[in-house]
Amino acid sequence: MTVRIGVLALQGDFREHISMLQSLGVTTAEVRTAEELEGVDALVIPGGESTTIGKLADRYGLIEPLRKRIAGGMPTLGTCAGMIFLASATVNHDQHQLGVLDAVVQRNAFGRQVDSFEADLNVDGVPGDPIHAVFIRAPWIEKVGADVEVLATVDGHPVFVRQDNILATSFHPELTDDTRVHAMIVDMTPIEEQI
Amino acid sequence: MDSTSTPIETGTDLVKRGLAEMLKGGVIMDVTDVEQARIAEEAGAVAVMSLERVPADIRAEGGVARMADPERVSAIVDAVSIPVMAKVRLGHFVEAQVLETLGVDYIDESEVLTPADDQFHIDKWKFTVPFVCGAKNLGEALRRIGEGAAMIRTKGEPGTGNVVEAVRHMRQMTSQIKWLSTLDDQELMDAAKVLGAPYALVKEVAGSGRLPVVNFAAGGIATPADAALMMQLGCDGVFVGSGIFKSGDPAVRAKAIVEATTYFKDAEKIAKVSRGLGEAMVGINIDTLPDSEMMQLRGD
């Protein structure tokens, strides 16, 4: 039996995540409702506009079901807006957040679009070449809780973290051909044994 | 300790096109001041487009339409947390230089404003800030991408509240992309000649079956159903210009259009959000417009 990984498809670059996961041989599903969330073993929250994703999740009753599944151990990867949505708070800004990742994020931390950038990152626990990372109006993490493991930093700020079943990146692995970050979430998803 | 192993690079194709990727499935709303920008953000817009007057007013009032006052653009940049786009006149590279200094996140080289150059578009490769441009067909889209545009939108017919031209331009682009992907390599140079488009881009589209950049719909979208129609026709997201702030209840309509864009395949949800929205903007029949008033004919 193969795992089924959902991608939150309210807004953003969910198609890029889906093709990345499919290239790893995973069954995927677009998630826009609480019912669709029930049918997946793991979840990716894509890049996009975090305020828009938060508002739509709130209006369509997804906040509580998402909190419950993720706090209950569902492997979850959030990239950029996904990281913001997973976090507990945002510096100087009030918006809908899940609060399942014990971290305070700073939005647009590197500046506006003219400051968006690409860089090679050495990531703890990812052997081989550095990961080529694309940062677009990206957040960084201002403060992490004790259970959060920092896997990479830029300018001294965490940009890739792990907390139990949650992975979060400030950058967009889905915009490159490097599947290693997605492979991490696939590896974290247990395959249910068929008896 | 820092994890970067190489110097960082800004203004690359990937970061320019990448921001448009993040806007997909969303609604970008025309706003003229801070109050409208806040309403748009609250409704769930993925970005706002700052301009002097919305297209319907430019049509009604006439005169030369230019880049918005920098003071107004800066106030909008400071007021909202979502990306801010702003319009410049076709070919007016100094307006673009000015907007880049204001921290605008995307520049729309737009036929809605009065053209500043009737022959040449801006050389968009020279800028760090990305550009979006309008197109009626595939050739025009590829010419703009060849000049450095990182995002395309259909032109439609702005300020009319009439979706027919946006539909026509979207269908035209889709069918031309399908046609290209049926050609063999030997036929591609002739196709480039027919389209008036750079050969390398023609070859790329023939191979991938899609535009190399994100393509939004624009020009005449006025209702949630219009937005969902464009999404079902295959666009990546929508721009709404006059459709929101020339309607009876902008906040409610803006929210409904956002929701219809996400749930564009769910007719029951579209029906629900379309109820009791108040007056839509008054529309214009395109047949009654003389060529001189057709904004889509500016630039090619």
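With a Förster radius of 22 Å applied to the C-beta separation of B:ASP118 and B:ASP287, the computed FRET efficiency comes to 0.30. Per residue, the accessible area of the range A:1-117 comes to 33 Å², computed with a 1.4 Å probe over protein heavy atoms only. Summing charges over all other residues whose Cβ lies under 10 Å from the Cβ of A:ARG162, with Lys and Arg as +1 and Asp and Glu as -1, gives -4. Each Lys and Arg adds +1 at its Cβ and each Asp and Glu adds -1 at its Cβ; summed about the Cα centre, the range B:225-266 shows a dipole of about 100 debye.
Each DSSP beta bridge with both residues in chain A is either parallel or antiparallel, and the antiparallel ones are about 50%. Sorting the Cα pairs of the range B:163-274 by distance into bins of 5 Å, from 0 upward, gives 2, 12, 20, 17, 14, 11, 9, 7, 5, 2, 0 percent per bin.
Under the rule a/c < 1.5 gives rounded, and otherwise a/b versus b/c splits prolate from oblate, where does the range A:4-193 land using the Cα gyration tensor? It is rounded, given that a/c, with a ≥ b ≥ c, falls under 1.5.
What do you get for trypsin sites (Lys or Arg not before Pro) in the range B:217-300 restricted to DSSP loop and a cutoff of at most 16 other Cβ within 10 Å of the site's Cβ? Sites meeting the loop and neighbour criteria: B:LYS265, B:ARG275.
Taking the helices alone, the protein assembly as shown has a mean residue ellipticity at 222 nm of -10000 deg cm²/dmol, built from -39,500 (n - 2.57) per DSSP H run of at least 4 residues and averaged over all its residues.
Subtracting the Cα-Cα distance of B:LEU233 and B:ALA79 from 0.36 nm times their residue separation leaves 52.1 nm of extension gain. Comparing B:TYR263, A:HIS93, B:GLY207 along the charge dipole axis of the protein assembly as shown, the residue lying farthest to the positive side is B:TYR263, per the Cβ-charge model. Per-residue mean of foreign Cβ neighbours for B:147-153 is 0 (Cβ atoms of other chains, 10 Å radius).
Starting from the Cα gyration tensor of the range B:1-158, take the square roots of the eigenvalues, sort them a ≥ b ≥ c, and report rounded, prolate or oblate (rounded when a/c is under 1.5, otherwise prolate if a/b is larger than b/c, else oblate). Since a/c reaches 1.5 but b/c is at least a/b, the shape of the range B:1-158 is classed as oblate.
The phi torsions of the range B:124-132, fed into the Karplus equation with coefficients 6.51, -1.76 and 1.60 and a -60° offset, translate into couplings of 7, 5, 6, 9, 7, 6, x, 10, 10 Hz, rounded to whole numbers, with Gly and Pro shown as x. Sorted from greatest to least, the principal axis extents spanned by the alpha carbons of the range B:1-90 come out as 57, 30, 27 Å. Within 10 Å of the Cβ of each residue in A:51-59, the mean number of Cβ atoms contributed by other protein chains is 6. Based on Cα contacts under 8 Å between residues 6+ apart, chain A shows a relative contact order of 21 percent. Which aspartates and glutamates, if any, have their Cα less than 19 Å from the Cα of B:LYS265, not counting same-chain residues under 8 positions apart? The reachable aspartates and glutamates, counting only those whose Cα sits under 19 Å from B:LYS265, are A:ASP13, A:GLU30, A:GLU35, A:GLU36, B:ASP226, B:ASP236. Cross-link partners for B:LYS16 among the lysines, with Cα-Cα distance under 18 Å and sequence neighbours closer than 8 places in the same chain left out: B:LYS24, B:LYS87, B:LYS124, B:LYS126. This model, with +1 at the C-beta of Lys and Arg and -1 at the C-beta of Asp and Glu, gives the range A:4-193 a dipole about its Cα centre of some 560 debye. Summed over both chains, the accessible area lost when A and B associate is about 3700 Å², using a 1.4 Å probe. Taking every DSSP beta bridge that has both ends in the protein assembly as shown, the antiparallel portion is near 35%. For B:VAL240, neighbours were defined as the other residues whose beta-carbon sits under 10 Å from its Cβ, and their charges (Lys and Arg +1, Asp and Glu -1) total -1. Could you work out the local net charge near B:LEU19, counting Lys and Arg as +1, Asp and Glu as -1, over the other residues with Cβ closer than 9 Å to its Cβ? That sum, taken over residues with Cβ under 9 Å, equals +1.
For the range B:84-139, taking the reciprocal of the average inverse distance between every pair of different Cα atoms yields a Kirkwood hydrodynamic radius of 11.3 Å.
Taken as Cα centroids, the range B:67-101 and the range A:119-195 sit 34 Å apart, rounded to the nearest whole angstrom. Averaging the sequence gap over all C-alpha pairs within less than 8 Å and six or more residues apart, then dividing by the number of residues, gives chain B a relative contact order of 19 percent.
Computed on the protein assembly as shown, the Cα convex hull volume stands at 153 Å³ per residue. Accessible surface for the range B:163-300, divided over its residues, is 47 Å² per residue with a 1.4 Å probe. In plain terms, the bigger the Kirkwood radius, the slower the diffusion; for chain B, with that radius from Cα pairs, at 37 °C and 0.692 mPa s, Stokes-Einstein puts D at 169 µm²/s. Shielding by partners for peptide A:8-17, expressed as the average number of C-beta atoms from other protein chains within 10 Å of each residue's C-beta, is 5.
The values are calculated or read from the model by the stated rules, or taken from the named source; none is laboratory data. The structure presented is a predicted model; accordingly, all values stated were derived computationally and were not measured. No Cβ is skipped: glycine too gets one built from the backbone with ideal geometry, and neighbour counts run over all protein chains shown. Heads up: the accessible areas ignore ligands, DNA and RNA and are worked out on the full protein's heavy atoms, side chains in. Shrake-Rupley method; radii C 1.70, N 1.55, O 1.52, S 1.80 Å.
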